[in-house]
Amino acid sequence: RDRYDDEDDYDRFDEDDEYDEYARERDRARDLDGDTSRRNKGGSGARATAKGTQDSAHVCIKASAGGTYYYQGFFSYGADVGIHVHRNILVDVQFRGWSASAIINSNPTVVTLIPLAVGASYKHMRGMLHPYVGADAVFILYQVDQETGAARFAPGMKVKGGVDLKLTESFGLFAGVNIGFAHAKYSADLDRRLPPTQFMLDAYGGILIQL
């Protein structure tokens, strides 16, 4: 009987050891599952955060100077505002001034034209160089009636391209070119030799701030 009792005790010890080993393996498996789940959740959060940063909208403001040809040569200056509606797509608004000396009806004078452009562009946003292309509708204020104050605009279209050089997260340099045309319906009122539709070329560069 003692031998049997010893054997029963030995079997119980074996069962206890097996149970303890099983419990340890189960706990280790649970720990591994928990770590994997936390890593997966963390990765998903990181990916979501990265995607959110990628698609978040921001604003790019540019100040520039350059040269323009429209009927004649002009000194150009102005500002551009681009609003990112997607990481690579911007809605653009451009305010510019063109100034030059000219002869109008045999009289020397200083001519200032004020173009306003609204459009969109696609910009490649990787690395330090950000090339872009786009198109705008343009409206050039070219005459104000002295008696009535009525403004006359030359509507037109232009395509544009250029590159931004990113120096810091919020500051950089850029250069761009616009090519298009505009139609000044009443250009003959200024000078009979001026055709209403005229080619337009604008080259400029400057600084940019990204917010």
>> Just to verify a result, which residue in the stretch 112-138, among those that are over 16 Å from the mean Cα position of the chain (by Cα) and surrounded by fewer than 15 Cβ atoms within 10 Å (Cβ to Cβ), is farthest from Arg96 (Cα to Cα)?
In response: Ala137
>> Looking for something open to solvent by 20 Å² or more (accessible area, probe 1.4 Å), within 19 Å of Ala63 (Cα to Cα), among the hydroxyl-bearing types (Ser, Thr, Tyr) and free of Cβ contacts under 8 Å to residues at least 24 places away in the same chain - is there at least one such residue anywhere in the stretch 145-157?
In response: no
> Which condition number in (1) under 20 Å from Gly73 (Cβ atoms); (2) not in a strand (DSSP E or B) is the one that Leu201 fails?
Replying inline: (2)
> Failed condition for Ala23, given (1) at pLDDT 75 or above; (2) hydrophobic (A, V, I, L, M, F, W, C); (3) open to solvent by less than 60 Å² (accessible area, probe 1.4 Å), with all others met?
Replying inline: (1)
> Which one of Lys160, Lys166 is modelled with pLDDT of 95 or more and not polar (S, T, N, Q)?
Replying inline: Lys160
> Got a sec? Which of Val111, Val133 is of a type in the set (A, V, I, L, M), assigned to a strand (DSSP E or B) and at pLDDT 95 or above?
Replying inline: Val133
> Quick one: how many residues across the stretch 172-186 are touching a Leu at 6+ places or on another chain (Cβ under 8 Å) and part of a strand (DSSP E or B)?
Replying inline: 6
>> Checking Glu169 against (1) open to solvent by less than 20 Å² (accessible area, probe 1.4 Å); (2) acidic (Asp, Glu); (3) outside any strand (DSSP E or B): exactly one of these is not met. Which one?
In response: (1)
> Does Val91 meet the test of being loosely packed, with under 14 Cβ neighbours inside 10 Å and either within 16 Å of Cys60 (Cα to Cα) or not aromatic (Phe, Trp, Tyr) (or both)?
Replying inline: no
>> Please go through (1) open to solvent by 60 Å² or more (accessible area, probe 1.4 Å); (2) in contact (Cβ under 8 Å) with a residue 60 or more places away in the chain for Tyr204 and return the number of the only condition it doesn't satisfy.
In response: (1)
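The values are calculated or read from the model by the stated rules, or taken from the named source; none is laboratory data. What you are looking at is a predicted structure, and each value in this text was computed from that prediction instead of being measured. Every residue, glycine among them, receives a Cβ derived from its backbone with ideal geometry; neighbour counts consider all protein chains shown. Heavy atoms of the whole protein, side chains included, go into the accessibility calculation; ligands, DNA and RNA do not. Shrake-Rupley method; radii C 1.70, N 1.55, O 1.52, S 1.80 Å.
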